[in-house]
1. Looking at (1) away from chain A (no Cβ under 11 Å); (2) over 22 Å from residue A:147 (Cβ atoms), which is the one condition that is false for residue C:123?
2. Examine region A:88-95 for a residue that is in contact with a helix residue (DSSP H, G or I) (Cβ under 9 Å, 6 or more places away or on another chain) and at pLDDT below 95, and state whether such a residue exists.
3. Only one of (1) at pLDDT 95 or above; (2) in contact with a strand residue (DSSP E or B) (Cβ under 8 Å, 6 or more places away or on another chain); (3) in the same structural domain as residue B:32 (by TED's automatic domain parsing) is not met by residue B:124, so which one is it?
4. If a residue must be surrounded by fewer than 18 Cβ atoms within 10 Å (Cβ to Cβ) and in contact with a strand residue (DSSP E or B) (Cβ under 8 Å, 6 or more places away or on another chain), how many such residues does region B:27-43 contain?
5. Across region A:216-244, what is the total count of residues that are out of contact with any strand residue (DSSP E or B) (no Cβ under 6 Å at 6 or more places or on another chain) and under 19 Å from residue A:20 (Cα atoms)?
6. State whether the residues of region A:5-16 include one that is within 14 Å of another protein chain (Cβ to nearest Cβ) and touching a residue at least 60 places away in the same chain (Cβ under 8 Å).
7. Sort out which residues of region A:141-177 are on the phi > 0 side of the Ramachandran plot and surrounded by fewer than 24 Cβ atoms within 10 Å (Cβ to Cβ), and write them in order of number.
8. Across region A:223-241, which residue is surrounded by the most Cβ atoms within 10 Å (Cβ to Cβ) among those that are over 21 Å from residue A:77 (Cα atoms) and touching a helix residue (DSSP H, G or I) at 6+ places or on another chain (Cβ under 7 Å)?
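The values are calculated or read from the model by the stated rules, or taken from the named source; none is laboratory data. This is a predicted model, so every value here is computed, not measured. FYI the Cβ positions are ideal-geometry reconstructions off the backbone, even for glycines, and counts take in every protein chain you see.
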């Protein structure tokens, strides 16, 4: 409860996004170097001014590799985090504490081409780690064929349908609106044109009740985000985006997409804890949020996030999204105007990038007056998020 | 020196998109180094960006003279730390090449007491029993 | 319907995957003896499944094992129309059963088609030797 001190202490001044692909043909190492260079260009920053580097452990080569390409004299701060976009918290803390001046958070992950196209020891480390995760967490599910994230989420979703009456005809509005938004976003590679709710209902049910269109596809991508202080940001190239608050959340009995031991499995208590903290630090409430960037890796989590973050009451998420009117650009609470992960592929940092573009006023699907934005990541697991605002 | 014990796999380099040109050349008994045509600088190991100018499209492969001097070395004499595919003793040398980059490899027909810092060496190639090609260093006239 | 396996594929195996997680050994030993064993906290009596090295209610690390009655109700389920692992023949369902003692357990149904499943259905455990070295607890309709 002591992190009020981070309120308005940091700002995002640069974003670098490579062209996403499903077959990128280069290494994650290459993409990591490339996106950082793009972000420095966007910020108008000399690469050698970067003195902090953070990332999520699973995504891309570590700073010592990236450093072989960037050749920075001294990184005074480097650190790795685990889930969602939680490395953003490392960047914010690093800058707010004075450990570094310009911290880059990069996520370079070729989830289609695979890490095998990248450097060897890092690839091995990742494979071994994934296996050991399975050993610890999924022993009690795999022998029964409950395997893979869509199935894990389906178990929760079935119960959510039972408890609240949410239907596929309602949930389908998430991929429908995502597809509409993605069609307007040249960076979104998955929908050239929008789909309809009929298209959704006809789409393949892979782990009943989860459809293929409920799952964000894998993608090859790389994104870098540069954080500094609002004071330094004032004299920089881009209009700064102030980080009003930043928080993470965990809750008892949590397990990635499989928190089945909780009394109630159809809530996201991590997200609620994170959201409460975000609003407390920023000193605002859900009503002040003009746009929400929510985690749509699996669509059932979107109505659950609306409930957990206080945008609607418990069990009201389905009604909120039905028909899409309230969540489209121009609606009561636009969600993911970039097309979300359903439209762009599974890549969490896209949410921060779109929030930055919206506040700068440079989105391809601009929300009028988008001066206060909530970004949420890590649905179904440890959550993290940001409230970003115009300077 | 550096003879192999039969039946124990020799570790292979992991070939990826950033170092493929290097290992392709080794297969053809050539030693190449990554060179930035813009900065006229060599880098090793290969990487996806020139650390001097941050260019990603000016990197090329240039053939090495193959000549260098031993910059430092390790002599493996007991099986405590040695990889079991090698017969003891064996040396791993860090060679500073004429191009300025340093690479590690084993030696060829250099007695353990002859391996020393400053010894002029040149590259040679060898087909290993498992089908891979590797390079080593032998003595040369200074 | 009962889950059918492809005979040439190895079913994901807890004993193989669980070597690092010693807390679960009594559970799987119990299954071999056709019992569902539940971890019980010696300090506060909390029942835990899956097992773990510390009770999250009282932080005690002392525990004992009790035998569950093996009866419960379906809490949720998933029907796999495509098999995410080659050992399983789709379609099949994975069920989440809430045992009468409280803890929930993931399993499969025996002799119940996925379309006949419903939340709240009363079930009871049965044990199936699915491979030479693997017994799994499964459930059938009670009564």
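1. Single failed check for residue C:123: (2).
2. Within region A:88-95 (the criterion being in contact with a helix residue (DSSP H, G or I) (Cβ under 9 Å, 6 or more places away or on another chain) and at pLDDT below 95), the answer is no, since none of the residues qualifies.
3. Unmet condition: (3).
4. Number of matching residues: 6.
5. Adding up the residues that qualify gives 5.
6. Within region A:5-16, one or more residues are within 14 Å of another protein chain (Cβ to nearest Cβ) and touching a residue at least 60 places away in the same chain (Cβ under 8 Å).
7. Result: A:148, A:165.
8. A:241
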